[in-house]
Amino acid sequence: MNRKNSDLTSGSLASQILIFSLPLMLSNALQVMFNMADLAVLGQYVGSHALGAVGSTTILVSLFTGLLIGMGTGINILAAVAIGAKRRKDIVCTVHTAAVVSLIYGLALSILGVCFTRPILELLHTKEELIDDAVRYLHIYCLGMPGTALYNFGNAVYSAAGNTRRPLFFLTLAGAVNVILNLFFVLVMHMTVEGVAVASITSQYISGILLVVTLFFAKEDFQLQLSHLQHMDGRKAKQILGIGLPAGCQNAIFALANLFIQYGVNSFDATLVSGNSAATNADALVYDTMAAFYTACASFMGQNLGAKKRERVRNSYLICLGYSFGLGLGIGLLLELFGRQFLGFFTTDAAVVDAGMKRLTIMGFSYCISAFMDCTIYANRALGKSVIPMIIVILGSCVFRIAWVYTIFAWYQTIPSLYLLYSVSWTLTAVAEILYFRQVYRKRMALL
């Protein structure tokens, strides 16, 4: 195996998982911070109106990208199992089928996004003074979905092979381009939301295309070849979709449930909406850095499952769970201490900062709880189970959240009564996911 890729089936798990996850963590954090650059440039140089408009699209953007990330999860797990088992033919089939499926999937999401953004924003009662800018931003942003799909595909393959550094390199390059273009379009060209949207999709295509191109030159079993791309394997596509679609739908359903939370936020004034938009950036930063350990969980469990190493399968889950919990707790505490400085990156309006702190004060102590839910979900997927975990999430974190908005929040009509639903729903869902994992793990290990 190439020295830049890793055999995840031997060696110290604790150190391997940490070394594997650090580039991925940095990659995810950079991706979030580059996305934050959109809001920071708007908030600092255009105003709170533009900040609120783009912030109103955050959940919809999360919905579409969540569908793409879910597909990447399916690719990562199946590729990791094939690599761990050293089945060359299966690796080749998985990678080439995944490439075609990802591109088609990205194109479909792009079309759906352009067609349905305004109706959804209207359904959410987006402020009248914000909706036109929000729609313009989303229409352009959705055109970048194929680029994001290509990046997630390449990232999934490299992660399955134990190489998280190459995706980091290209993402860093593309992110730097994003920041430069943000400043150019806003300060030089005097564009507003359109400028940051164009900058975003440009960086998405740069990272996606460069990562896929390197796969054509990879001296590994997962190398892309044009001749193989012409023959998509229907059975393998079904396997990818069997894991990826439920995972993507789960992410999308999360986003849909959060749309109802956004509905609750929109019931307050525009200042609180803008403050919430600024504070929501912390969610992406925490979730996505913690997600590095979830990807590690899927990759390590996948390779070791393919290699039939039972103890390493179980320990991969437990170590990733511990790391992700600790990371969520640490970042949450930092946000409690330095929340105002964090919000200051996005706005100079003191009232908006005060509004944002109402969210951060509660969420800072809640993020770590999500590790028990999310890491276990990835562990279940690594064992080949994606539908039941999705149903558990729908009931525990989605249906429950919607019910909360229309009962607890409807009664109290306060910000704390809205944001506390996160920690409560995460706890309920985590308990159910862990109980299901124990059952699936025992049955699957008995077959090895």
Q: For residues that are among the acidic types (D, E) and under 12 Å from the mean Cα position of the chain (by Cα), tally how many sit in segment 257-300.
A: 2
**Q.** Cβ-Cβ under 8 Å pairs, at least 6 apart or on other chains, segment 3-21 side closer than 20 Å to Y294 by Cβ, far side modelled with pLDDT of 75 or more and open to solvent by 70 Å² or more (accessible area, probe 1.4 Å)
**A.** T9/K309
Q: With a cut-off of at least 3 residues that are closer than 20 Å to L215 by Cβ, name the helices (runs of 4 or more DSSP H) lying wholly within segment 126-197.
A: 145-160, 165-183
Q: Determine if segment 402-420 includes at least one residue that is surrounded by fewer than 15 Cβ atoms within 10 Å (Cβ to Cβ) and at positive phi.
A: yes
Q) Can you pull out the residues in segment 112-133 that are open to solvent by less than 70 Å² (accessible area, probe 1.4 Å), in contact with a helix residue (DSSP H, G or I) (Cβ under 9 Å, 6 or more places away or on another chain) and within 20 Å of L67 (Cβ to Cβ)? A) G113, V114, T117, I120, L121, L124
Q: Only residues that are buried (at least 22 other Cβ atoms within 10 Å of the Cβ), within 17 Å of F268 (Cβ to Cβ) and at pLDDT below 85: list them for segment 340-362, please.
A: T347
Q.
Just to be sure I understand the filter: pairs with C-beta atoms under 6 Å, separated by 6 or more residues or on different chains, first member in segment 95-108 and open to solvent by less than 40 Å² (accessible area, probe 1.4 Å), second member not in a helix (DSSP H, G or I). Which pairs pass?
A. V95/F222; T97/M232; T97/D233; V100/M232
Q.
Restricting to segment 187-213, give me the number of residues that are touching a residue at least 60 places away in the same chain (Cβ under 8 Å), among the β-branched types (V, I, T) and open to solvent by less than 60 Å² (accessible area, probe 1.4 Å).
A. 5
Q: Name every residue in segment 310-329 that is open to solvent by less than 70 Å² (accessible area, probe 1.4 Å), within 18 Å of Y441 (Cα to Cα) and without any contact (Cβ under 8 Å) to a residue 60 or more places away in the chain, in order of residue number.
A: L321
**Q.** Only listed residue being closer than 21 Å to A382 by Cα and of a type in the set (D, E), chosen from D269, D288, D283
**A.** D288
Q.
With the structure loaded, tell me whether T58 is of a type in the set (S, T, N, Q) and either open to solvent by less than 20 Å² (accessible area, probe 1.4 Å) or at pLDDT 75 or above (or both) or whether it fails that test.
A. no
**Q.** Of all residues making up segment 372-429, the number that are β-branched (V, I, T), in contact (Cβ under 8 Å) with a residue 40 or more places away in the chain and closer than 20 Å to N266 by Cβ
**A.** 3
(Q) So, M357, is that one within 21 Å of V286 (Cα to Cα) and either among the charged types (D, E, K, R) or touching a Lys or Arg at 6+ places or on another chain (Cβ under 8 Å) (or both) or not? (A) yes
Q: Residue by residue through segment 214-269, note down the ones that are open to solvent by 20 Å² or more (accessible area, probe 1.4 Å), closer than 26 Å to R359 by Cα and among the polar types (S, T, N, Q).
A: N251, N258, S267
**Q.** Residues satisfying the stated conditions in segment 162-186, i.e. buried (at least 21 other Cβ atoms within 10 Å of the Cβ) and out of contact with any helix residue (DSSP H, G or I) (no Cβ under 6 Å at 6 or more places or on another chain)
**A.** G162, N163
Q: Show the residue pairs that are 6+ apart or on different chains and have beta-carbon atoms under 9 Å apart, the first residue being within segment 223-237 and farther than 14 Å from V101 by Cβ, the second being open to solvent by 50 Å² or more (accessible area, probe 1.4 Å).
A: Q223/F216; Q223/F217; Q225/F216; L226/F216
Q: Report whether or not L150 is open to solvent by 10 Å² or more (accessible area, probe 1.4 Å), of a type in the set (A, V, I, L, M, F, W, C), modelled with pLDDT of 85 or more and over 30 Å from N266 (Cα atoms).
A: yes
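The values are calculated or read from the model by the stated rules, or taken from the named source; none is laboratory data. Computed from a predicted structure; not experimentally measured. Methodologically, a virtual Cβ is constructed for each residue, glycine included, from the backbone with ideal geometry; neighbour enumeration extends over all protein chains shown. SASA here: full protein model, heavy atoms, side chains in, ligands and nucleic acids out. Shrake-Rupley method; radii C 1.70, N 1.55, O 1.52, S 1.80 Å.
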